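Trainee: Handing you this structure, nothing more for now.
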Amino acid sequence: MASEKPREGDAGTRALSADVCVVGGGPGGRALALALTRLGCDVVLLEKRNPARGTGPAFRGESLSPDGVRLLAGLGVWERVREAAHRVDRLEIEDAGHRVLGVRFADFPYRYRHPVELAQPTLLAALAEPTGSQPGTCTVLEPATVVGLLVEGPAVTGVRASTPGGTVRISAALTVGADGRFSAVRRLSGLAERARQLPLERDVVWLKLPTPAGWDRRAYRVRIAGGSHGLFLPSTDGTVRVGLNIPKGGLRELRAGGLGLLHTRLAQLAPEAAESAREGVRNWSDTALLDIFTTEVPRWSAPGVVLLGDAAHTLSPVLGQGVNHALADAVELAPLVAEALSRDRRARNRALTTALQLFQRRREPDVRRSRALQLRQERMFTLTSPPATALRRTLYRALDASPALRRRVLAPAYFPGQSPSAPPEAAHSSPSEVTPA
């Protein structure tokens, strides 16, 4: 564990204290801070950058599953962002130019049925605002970079952070690493020592295109051609976000072929988007590369520290699970931590250790199911031999023909926290329907 003991009176060092120090101001960190303050905890939140100023990721983190909508509603945030959200009505998969799967989300028997697209700055701003009566407080340091952990004996007792105003020491009963797939807290705490990173067979080139003429903007599209595939996702700004999958390390070859090769690849997957590709991608700076891998961390916590979201379980972009699992982690963790911190000092440390272990036991099964589903889909997408691609199309058509099978396969990804609550025919009158944006 990379750490240091607290020192008093360091010249130029500012000292703060809180019940919980949250490192990372993405959706998971902000949601946790909000939930904790609603439960009476005092929080200090550290964020390296200011996402509201447009320095955050441009092409990911905007897809919320129906369960993500449910979690925002429980936090009191959904009504704030409802009008800015773009509802998605269906998912379609085309393979070799033929539709092999079509899913209408209204057909699922859950209270919250529809995924939405929501710009991340809008979501983060809503999570940063107090909701109703909040007995706790949240102090935000932004920008702030963690440079070390504070320890006493075996326990983490806070962090040391670098800010434009100098070094800040934050003492806290619990430090939370919500700082993403390359988590500094995970590395500094030693929780990364047994972590297993699994590179997938593909990387993703992200880009934005004008919406092709005639496209329904309320659909998620997956296009497959041989061993190549791409995700086409509607965005709140009227464009389409595209995740073009390329072989691992294949960006150099793609760029060597020039923008014309990129345009050709996109046109092969979606011929109707050929003109949009030429219009929307005029320079390589219009694209971004995402290195695709998953990370399994055996232990999410140690005395005084816990990980959540991508820091604890990095997932691939398939089905847009990252933000939703981060929100679910935050909502699960907050009451466990608040209850443990309410104990007297003698019982607090033991209660907190028990709470963090319970948090992992509760959340790990959902994460494991999502990872397994993503890996199956990744393997399906990359099949190349004629017999294998024929089998893939057959499997998707079987899924398309069976509502029960669709529910069994897709419910763990889109509705893990919901129980069936209404027959599908009642979907269109559900009070949880998202107002079209």
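The values are calculated or read from the model by the stated rules, or taken from the named source; none is laboratory data. Bear in mind that the values here come from a model prediction, so they are computed numbers and not experimental data. Glycine gets a Cβ as well: all are built from the backbone with ideal geometry, and neighbour counts include every protein chain shown. Note: accessible area is taken over every heavy atom of the protein model, side chains too, but ligands, DNA and RNA are not part of it. Shrake-Rupley method; radii C 1.70, N 1.55, O 1.52, S 1.80 Å.
Trainee: Can you give me the distance in nm between label points at Asn283 and Arg99, each placed 7 Å from the Cα along the Cα-to-Cβ direction?
Mentor: My value for the distance between the label points is 3.9 nm.
Trainee: Would you rank Arg348, Arg194 by solvent-accessible area, highest first, keeping every protein chain in place and using a 1.4 Å probe?
Mentor: Arg194, Arg348
Trainee: Oh, and also: How far is it, in nm, from the label point at Ala225 to the one at Arg348 when both lie 7 Å from their Cα along the line to the Cβ?
Mentor: Here the modelled spin labels are 6.1 nm apart.
Trainee: Rounded to the nearest 0.05, what FRET efficiency do Leu261 and Ala372 give with R0 = 30 Å and r taken as the Cβ-Cβ distance? Could you check?
Mentor: Result of the calculation: an efficiency of 0.35.
Trainee: Please get the size of the charge dipole for the chain, origin at its Cα centre, with Cβ charges of +1 on Lys and Arg and -1 on Asp and Glu, quoted in debye to the nearest 20.
Mentor: Using only the charged Cβ atoms, the result is roughly 840 debye.
Trainee: How high is the FRET efficiency from Glu253 to Thr145, r the C-beta distance, R0 41 Å, rounded to 0.05?
Mentor: 0.70
Trainee: Over the chain, what is the percentage of antiparallel beta bridges among all DSSP beta bridges, to the nearest 5?
Mentor: 65
Trainee: Give me the compactness ratio for the stretch 327-383, meaning the Cα radius of gyration over 2.2 N^0.38 Å.
Mentor: Working it through for the stretch 327-383, the quotient is 1.63.
Trainee: With a sphere of radius 15 Å drawn around the Cβ of Glu193, what net charge do the other residues whose Cβ falls strictly inside it have (Lys, Arg +1; Asp, Glu -1)?
Mentor: Local charge sum for Glu193: +4.
Trainee: Let me ask something else. Quick one: helix 345-381 against the long Cα principal axis of the chain, what's the angle to the nearest 10°, folded into 0 to 90?
Mentor: On a 0 to 90 degree scale, this one is about 10.
Trainee: Taking the simple approach of a point 7 Å from Cα along Cα-to-Cβ for both Leu16 and Ser402, what is their distance in nm?
Mentor: 5.3
Trainee: Moving on to the next point. Would you mind getting me the FRET efficiency between Val409 and Glu152? Use the beta-carbon distance for r and R0 = 60 Å, nearest 0.05.
Mentor: 0.80
Trainee: Please determine, in degrees from 0 to 90 and to the nearest 10, the orientation of helix 322-341 with respect to the longest principal axis defined by the Cα atoms of the chain, where the helix direction is its Cα long axis.
Mentor: So the inclination is approximately 20 degrees.
Trainee: Please report the accessible area of Asp42 (heavy atoms, 1.4 Å probe, ligands and nucleic acids excluded) in Å², nearest 10.
Mentor: Accessible area of Asp42: about 60 Å².
Trainee: How big is the accessible area of Thr294 in square angstrom, nearest 10, if you roll a 1.4 angstrom probe over the protein chains?
Mentor: Thr294 exposes around 0 Å² with every protein chain in place.
Trainee: Counting only the backbone N, which residues of the stretch 163-203 are under 16 Å from the spot 7 Å out from the Cα of Ala128 toward its beta-carbon?
Mentor: From the stretch 163-203, the list is 164.
Trainee: From the helices alone, meaning DSSP H stretches of at least four residues, give me the mean residue ellipticity at 222 nm for the chain, per-run term -39500 (n - 2.57), in deg cm²/dmol to the nearest 500.
Mentor: -11000 deg cm²/dmol
Trainee: For the chain, take the longest principal axis of its alpha carbons; what is the angle in degrees between that and the long axis of helix 258-269, to the nearest 10 within 0 to 90?
Mentor: Result, in degrees: 70.
Trainee: Continuing with this model, one more query. Could you tell me the ratio Rg/Rh of the stretch 106-238? Both radii from Cα atoms, Rh via Kirkwood.
Mentor: Dividing the radius of gyration by the Kirkwood radius yields 1.07.
Trainee: I'd like the accessible area for Glu83: 1.4 Å probe, protein heavy atoms, all chains in place, Å² to the nearest 10.
Mentor: About 130 Å², ignoring ligands and nucleic acids.
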